[in-house]
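To keep things clear, I will list the structure first and then write my remarks on it.
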Amino acid sequence: MSLRYLQHLEELGEDFDPAAVVRLAAVLQLTYDELLHGRTELPPGQSPPGPHPRLAKLTPDECWDLLSDHGIGRLALSTRSGPAILPVNYLVDAHSVVYRTSAGGVAAAVEGSEVAFEVDHLDEPRSEGWSVLVVGTAERLDDDTALLLAAQPGAEPWAAGARELRVRIRPTRVTGRRIRTS
């Protein structure tokens, strides 16, 4: 649909339902302004570097502080089909990462298997950000531990369906990096 046609529809006033344009934008996963004027922002990571960028290693305590302030990360694990990287909602509990999944789902890591978990944050306008990586062993939690964690903020996953299995990542390595500009 051309931009001019959309503008014409909007100009029809009472003879046209402006909510239709909003619905069309929603179906296309765009905002109203993006539908009418196009996207103006660059894709993530395409902005130029900021002035005097500095890359620094984070301490384990800094990593845990950053992990504690977020709720979605990426889980990397081996599956029957090969490596997989999946977004998961998570909690930090006693210097470990806990997430919920379905017992037969892809994210249901095998007990004792090695997994990786990453969280990052980007500040595009300032060309700054950080990334934390947790590598560790997957441990399926028993019902009593799972019930204690269920009441914490962020414990409810975004994905629909039953997510009765809770998996803890017991870290063997926690590393992080931060890039800042001056």
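The values are calculated or read from the model by the stated rules, or taken from the named source; none is laboratory data. Keep in mind that what you see is a predicted model, and the values were worked out from it rather than measured. When we count neighbours, we look across all protein chains shown, and the Cβ atoms used for this are built from the backbone with ideal geometry, even at glycine. Only protein heavy atoms, including side chains, enter the accessible area calculation; ligands, DNA and RNA are left aside. Shrake-Rupley method; radii C 1.70, N 1.55, O 1.52, S 1.80 Å.
Given C-alpha coordinates of the range 56-147, what is the ratio Rg to Rh with the Kirkwood estimate of Rh?
Details: Rg = 14.1 Å, Rh = 14.3 Å.
Taking Rg over the Kirkwood Rh, I get 0.99.
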Item to complete: Just reorder 61, 120, 93 by solvent-accessible area, largest first, 1.4 Å probe, all chains present.
Response: 61, 120, 93
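Show me the GluC sites (Glu not before Pro) within the range 99-135 that DSSP assigns to loop and that have at most 13 other Cβ atoms within 10 Å of their Cβ.
Working: sites: 111, 114, 118, 128; in loops: 111.
Here the GluC sites (Glu not before Pro) that fit, given the DSSP loop and packing criteria, are 111.
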Worksheet item: What ranking do 74-80, 86-92, 99-105, 20-26 get when scored by the average of other Cβ atoms within 10 Å per residue, highest first?
Response: 86-92, 99-105, 74-80, 20-26
Worksheet item: If you project the alpha carbons of the range 85-135 onto their three principal axes, what span does each projection cover, largest first, in Å?
Response: 41, 23, 17
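If you average the sequence gap of Cα pairs under 8 Å that are 6 or more apart and divide by the length of the range 48-145, what percent do you get for the contact order? Present the calculation step by step, with values, prior to reporting the outcome.
Details: 127 pairs, mean separation 23.9, N = 98.
After rounding, I find 24 percent.
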